[in-house]
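Working notes, beginning with the structure itself.
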Amino acid sequence: MINDPTKDLYKRFTLGLLTAYVFVPFFIENLYYLHLFELVAIYIIVVSGLNIVTGCAGQVSLGHAGLVAIGAYTSAILTVNYHLSFWVALPVAALFTAVFGALLGIPSLRVGGPYLALITIAFNFLIDKIILAWPGMTGAAAGKWGIRLPSIGDYQFSHTAYYGLVIGIALLTMLLCKNIVTSRWGRAFNALRNDEILAKTSGINIYYAKLAAFVISAFLAGVGGSLWSHLHSYISPEAFRFDRSVLLLLMLLVGGQRKILGPLVGAVILTALPEFLHAIEEYRLVIYGVALVVCVISMPEGLIGMIRGRLKIVPEMPVVPKAEPKPEVSPEAPADDFLKVLGVSKRFEGVCAVDSVDIDVARGSIHSLIGPNGAGKTTMVNLITGVERINGGEIRFKNDRIDRLSPHQITGKGIARTFQNVRVFKDMTVLENVLVGRHCRIGNGVLAVAFRLPKARKDEEKAIQRAMGLLEMLGLAEKANELVTNLPHGHQHSVEIARALMSDPELLFLDEPVSGLNPEEIDRMGVIIKDIKKTGITIFLIEHYVDFVMNISDIVTVFDFGKKIAEGAPQQVQDDQKVIEAYLGVERA
Amino acid sequence: MKTGKIFFFSVSVLCWLLFASGFSSAAEPVKFGMTGALSGPGASLGLDALHGMEMAVKDINAKGGINGSPIEIIPRDDEYDPSKALTFAKELVYKEKVVVFFPSTATTPNLASQQVTLPAHVPHIIAGTTSDIVCPEGNFDPYAFRLSILNSWQAKKLAGFVVKQLKAKNIAIMYDSTEYGQDGRMMLVPELAKIGVTPIYEGSLNLGDVDFTAHLTKVNSLGADAIITWTLGAEVAHIALDKKKLGYGHIPLLGSEAITMAELRNLAKEAADGVYIADRMRAAYSDPDPKVKAFMNRYLKEYKTDPKMAVPSWTITYYDAVNWVAQAIEKVGQDRKKVRDALESSGTFVGVTGIKYTFSPSKHNGRSAEAVHMVMVKDGKLVDPAIR
Amino acid sequence: MTLTTFFQLIVSGLSIGSIYGLVALSYNVIFNTTNVINFAQGELVTVGALLGFTFYVVFKYPLFLALVLASLVVSFLALVIERVSVRPVKDISQNFIWIMSTFGFGVALKHTAMLIWGKSPLPFPKFIGGNEPIPFFGVLILPQEIGIFFIAVVCTVGLELYRKKTIFGTAVRATALDRETASIMGINTNYVIYFSFAISGILAAICGILVSPITFADPTMGIVLGVKGFVVMIVGGLGSATGAILGGLFLGLIETFSATVISSLWKDIITFLILILVMLVKPSGFFGKRGVTG
């Protein structure tokens, strides 16, 4: 491949630089420079956490310094007030901060964007005030001193030894974060940042994912905070205010979001830079503000992103063994009750989009829904898949009521869908998009993926194999590592189908799957749909291309103005007078 | 391509800056390290301190420096942030290898920098901070020395003055939420208790508060006949203005040393008249002593400030501090331990305006409780009050 | 608490609340057309106040001229913010980039202001009435405080009328709801946006000059006012002028009373707790439009 030698060079260069960076400080005796390296290592830990919650999951945390404060003060209080050992205080502080992370994550379940930003700012502020109001514990405004470096038995750590500890934790953090980001959790975070509704219907419980992101980042902030206390031996509230939160975010931006080395680059630049600006001390903060603007505007991908972009480095293609054949789902004994829509209605502020509709979908069939634009077809699908709430009636799937479940739960039950105006995760590659669909069928928790436990690795491998198999079936295997938005519209829809199939659905909703395809491709899609049917999956189709629908369907339902006006075998429906008037058109004599 | 050019340009600028900042002067200077708030709010304190040092260094260097070597002040702007103060302390101690260190005027940055200087055995010369904790009487670190006054002394003076001279019985306290304010309150309450008085009101405020109607109406309704503040100039200015607006002229207003800074008088103007302040010296403006007048005039000429403001008292202290340290270094050289020993055994040192500082192995706070004088605001100036 | 004290506190609360309301109004004006919250708004207020000081106190221009000049400069700065911090990032999918870019601009602006005007607060004479308060049934009210309240209400009413009753106001609302469609309909959406930023700048300048006699012109006043104005905007409802003024008054009263009844430390805690509560229970605020979250 063209980028192989450049990529090799890049890898070796970064590795070399990283090694030098890690090991040189062991030989520095000057306590001041050593202090700077220790500081940077702590920032790496905290900003890596920020990378996950803000960079990947898109949840703005403008109050992260508040979490660091909790870690710092907890560790300080435990060691100074209660004389516990550093080795106990650190994990306790991290866990305690993680709890606060969960608390901070709760508002994110209801609001986003600037609202969430404001809540995180308020959080930062509140923590500051709480620290000030509790002199007995925290020393309030005077601060807390006497926080000592850790010791093992009689040996108390020197700053060099402490640097070793801190950089070790930083490297471990980067590694674990890398594992998380490249796992199903990382994909889930990126998915929910890209498109929450799509993430939900792909089977991701976004509430849980958001909380997970906050908890992970809070844990890391707690670790960083604790290390900060012991490094400085004195902490006071000023260190953990809003301007620190902004600095953390700036480090993330400068280095590059969603890049593993981003936090390191950002931390180094923003810690080292002030060193060289002593000559223009007065203007330092003005430059800081300007740098913030410039960086954010002209370098949204950060330094690492820019470098990788220049060198045209793309994510690695996974090792793909021969794709497994698609699993054959043997249709169970035909049951009467598969999908039953009973008297369902939906109103939008006075407009009745769906009006007391009954639909009965038989297992193993291809059931189509046609009708003029605005008839309520997509709304119907939204109602069944949980994206919208019904106003009346019931929806049952295999005898269970599903109309009150959330989308990811419905996906878990075996219903998957694609979208009318193709929805894909814009920031992700084709393969990653497809893999998201598997999220609800793999059960590995965050810790399992962080430490790459054997089961997690195996599940990931199997998922990739499966995904590649599906992509091959759809003729998209060579495009696996391309950004999905580089593909033409029609192919993106195929990617959606692959994603939907990954969740092992029993019922698959396809919303206008052939729009944007040429005749050859339409035929191919017809074959694919029939192949899917052969594996036992029931298909529910919305389409405007009438010939296609009539050829492929077992049953056709027709909607007009939110009501069902006809239903039956294709020929029957085609000849129905009402359908002809409403939709198919009368031939002019 | 454009990004490439920008990148190249910035790297070149960076290299130049790096090069420029590494430039050192010919003769090996004697380095004095200093941190303070040189920007942001409260920067006037940091700058006043730096000015005092600069004036002293100018004088000494004009006479050939210390044993032929000029003094170089290396200032760092800690923006009142203790972690920055700590980082700078490390830089000044380990990278610049300063002989002595002058910490920030504010308490928490001072405390933070102590974590570095004291274990590293660098003389820690406190000329601004007044909180007891940075150099407590009787329980001080051998390397910490203080030339400024203590909060406890101010509290004692204020308590005595308000009860005995102003004959007040119902005393209200208003203090801010920073370490300075909280420390002040902690000192005032016991001092008042010693003379049998319990405050009728203890109100906490935040720096940046502008409306004190709430506090003042409450204080008045409790029948207060004096208000002692322990916060900064702008806040007391607002208190004075609100007090005037509400017509509470009958309640005298007092405050700690910090409000001798210009903000109170600049902002409150006439409303500040009659405010009593505990200062570390007699009012410079009205002091007949020629030494004081000489220094004040020189300061006004060099820094072109408003004559009504006279000269800030801590500028004088920092000036004295530099001279005191320079004297010691002249005797024993630049070895930090030797300097410390010399400072400790320096006995009585007389400052430029006649203030006496006395040090000994058992006394690292150069002044005493008697050093606190009450001054009063009148017509934009600080003068000796009629009542002492 | 006596009745007089109670009413005295109400006056204080309404007065400071009017300021918060004005700041929130200026946020709203921008938000209404661009869905962006300008994190440098507080600094615009500061610069307005400082410019007012220079023109009115130092150069001794008549008040109205000082106000106009200050408004011109601040409007210009607001337009610069639009060009530099808002327009380039509107299309990037990240929803917090503009928070950083506007905030960064604010930091640079604040410290430049400090380099020019120094770091200490600057005294500002009361230009509505003098220092003598007006006694009203035992309650003392400064004419300046009445002026602030009055002008805040006038601005609110003016803005609401302009939005709802004028053609231009309709254009503004259209741009806010759907920029593309508005553009296709013949509305020059760019001009609408420039105009909004300019108005926001004027409001900020008025706010700064209006409040300086009470708070002094201080380079650090921006942060506090900015954050409080932001809180008011959320509580009162994003995009609603009535919500801004009512929310502001509400916050001003809450602050004043909790500072008295509890303590200054708690007044801020309570403010933020209310904010969080509102965000969780009714994120669109009291008067805001539903479904504006996230």
Residue check for B:F101: farther than 18 Å from B:S256 by Cα, outside any helix (DSSP H, G or I), at pLDDT below 95 and more than 10 Å from chain A (Cβ to nearest Cβ):
no
Output for the range C:107-140, where each listed residue is over 23 Å from the mean Cα position of the chain (by Cα), of a type in the set (A, V, I, L, M) and away from chain A (no Cβ under 14 Å):
C:I134, C:V139, C:L140
Does B:D320 satisfy the criteria of being in a helix (DSSP H, G or I), open to solvent by less than 40 Å² (accessible area, probe 1.4 Å) and of a type in the set (D, E)?
yes
Condition check: open to solvent by 10 Å² or more (accessible area, probe 1.4 Å) and at pLDDT below 90. Does B:E179 satisfy that?
yes
Please indicate, with yes or no, whether at least one residue in the range A:128-148 is within 24 Å of A:H35 (Cα to Cα) and touching a Pro at 6+ places or on another chain (Cβ under 9 Å).
yes
C:A259 vs. criteria open to solvent by less than 20 Å² (accessible area, probe 1.4 Å) and more than 14 Å from chain B (Cβ to nearest Cβ):
no
Top-ranked residue of the range A:22-41 - restricted to ones that are open to solvent by less than 10 Å² (accessible area, probe 1.4 Å) and within 11 Å of another protein chain (Cβ to nearest Cβ), ranked as nearest to B:L92 (Cα to Cα):
A:Y32
Matching entry among B:L232, B:L216, B:L222 (being more than 8 Å from chain C (Cβ to nearest Cβ) and surrounded by fewer than 20 Cβ atoms within 10 Å (Cβ to Cβ))
B:L222
For C:G42, all conditions in the list (1) on the phi < 0 side of the Ramachandran plot; (2) under 17 Å from the mean Cα position of the chain (by Cα); (3) open to solvent by 30 Å² or more (accessible area, probe 1.4 Å) hold save one; what is the number of the exception?
(3)
Considering only the range B:327-358, how many residues are open to solvent by 10 Å² or more (accessible area, probe 1.4 Å) and part of a helix (DSSP H, G or I)?
11
When the residues of the range B:132-162 are narrowed to those that are of a type in the set (S, T, N, Q) and more than 16 Å from B:I259 (Cβ to Cβ), which ends up farthest from the chain's Cα centre (by Cα)?
B:N139
In this structure, does B:S113 turn out to be part of a loop (DSSP other than H, G, I, E, B), within 12 Å of chain A (Cβ to nearest Cβ), among the small types (G, A, S) and within 26 Å of B:M261 (Cα to Cα)?
no
Wholly within the range A:204-310, helices (runs of 4 or more DSSP H) carrying at least 3 residues that are open to solvent by less than 10 Å² (accessible area, probe 1.4 Å) and either within 14 Å of chain C (Cβ to nearest Cβ) or of a type in the set (G, A, S) (or both)
A:206-232, A:242-255, A:262-276, A:284-298
Does the range B:147-205 hold any residues that are farther than 15 Å from B:I251 by Cβ, outside any helix (DSSP H, G or I) and touching a strand residue (DSSP E or B) at 6+ places or on another chain (Cβ under 8 Å), and which are they?
B:L147, B:S148, B:L150, B:Y175, B:D176, B:S177, B:V197, B:E202, B:S204, B:L205
Can you pull out the residues in the range A:23-38 that are farther than 16 Å from A:T271 by Cα and either at pLDDT 85 or above or not charged (D, E, K, R) (or both)?
A:F23, A:V24, A:F26, A:F27, A:I28, A:N30
May I ask you to list the residues in the range A:450-496 that are over 18 Å from A:I532 (Cβ atoms) and over 22 Å from the mean Cα position of the chain (by Cα)?
A:P454, A:E478, A:P488, A:H489
Counted residues, the range B:77-88 - those being open to solvent by less than 10 Å² (accessible area, probe 1.4 Å) and more than 9 Å from every other protein chain (Cβ to nearest Cβ):
2
Filter the helices (runs of 4 or more DSSP H) completely within the range A:343-450 down to those with at least 2 residues that are farther than 19 Å from A:D195 by Cβ and in contact with a helix residue (DSSP H, G or I) (Cβ under 8 Å, 6 or more places away or on another chain).
A:446-450
Please verify whether A:V47 is surrounded by 23 or more Cβ atoms within 10 Å (Cβ to Cβ) and either away from chain C (no Cβ under 14 Å) or in a helix (DSSP H, G or I) (or both), treating the condition exactly as stated.
yes
How many residues are among the hydroxyl-bearing types (S, T, Y) and in contact with a strand residue (DSSP E or B) (Cβ under 9 Å, 6 or more places away or on another chain) when one looks only at the range A:517-552?
1
What pairs come up if the first residue lies in the range C:226-239 and is at the interface with chain A (Cβ under 9 Å from one of its Cβ atoms), the second is of a type in the set (A, V, I, L, M) and open to solvent by 10 Å² or more (accessible area, probe 1.4 Å), and their beta carbons are under 6 Å apart, counting only those six or more places apart or on different chains?
C:L238/C:V292
Would you point out the residue of the range A:469-499, among those that are over 10 Å from A:L431 (Cβ atoms) and small (G, A, S), that is surrounded by the fewest Cβ atoms within 10 Å (Cβ to Cβ)?
A:G475
Over the range B:27-47, the set of residues at pLDDT below 70 and within 9 Å of chain C (Cβ to nearest Cβ) is B:S39, B:G40, B:P41, B:G42, B:A43
For the range C:123-175, which positions are surrounded by 16 or more Cβ atoms within 10 Å (Cβ to Cβ), aliphatic (A, V, I, L, M) and in a helix (DSSP H, G or I)?
C:I146, C:I148, C:I151, C:A152, C:L159, C:A171, C:V172, C:A174
Qualifying residues in the range A:81-110 (those that are touching a residue at least 24 places away in the same chain (Cβ under 8 Å) and not in a helix (DSSP H, G or I)) - the one nearest to A:S229 (Cα to Cα):
A:S85
Being within 11 Å of chain C (Cβ to nearest Cβ) and open to solvent by less than 10 Å² (accessible area, probe 1.4 Å) is the filter here, so list the residues in the range B:247-266 that pass it.
B:L264
Are any residues in the range C:59-90 among the β-branched types (V, I, T) and modelled with pLDDT under 90, and if so, which ones?
C:V84, C:V86, C:V89
Do you know which residues across the range B:179-217 are closer than 17 Å to B:N151 by Cβ and without any contact (Cβ under 8 Å) to a residue 40 or more places away in the chain?
B:Q182, B:M186, B:V189, B:P190, B:E191, B:L192, B:A193, B:K194, B:P199, B:E202, B:S204
I'm told A:L171 meets every condition in (1) more than 16 Å from A:V24 (Cα to Cα); (2) away from chain B (no Cβ under 14 Å); (3) open to solvent by 40 Å² or more (accessible area, probe 1.4 Å) except one. Can you identify the failing condition by its number?
(1)
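The values are calculated or read from the model by the stated rules, or taken from the named source; none is laboratory data. The structure displayed is predicted, hence computed values, not measured ones. Cβ: placed from backbone, ideal geometry, glycine included. Neighbour counts: every protein chain shown. Keep in mind that these areas ignore ligands, DNA and RNA; they rest on the heavy atoms of the full protein, side chains included. Shrake-Rupley method; radii C 1.70, N 1.55, O 1.52, S 1.80 Å.
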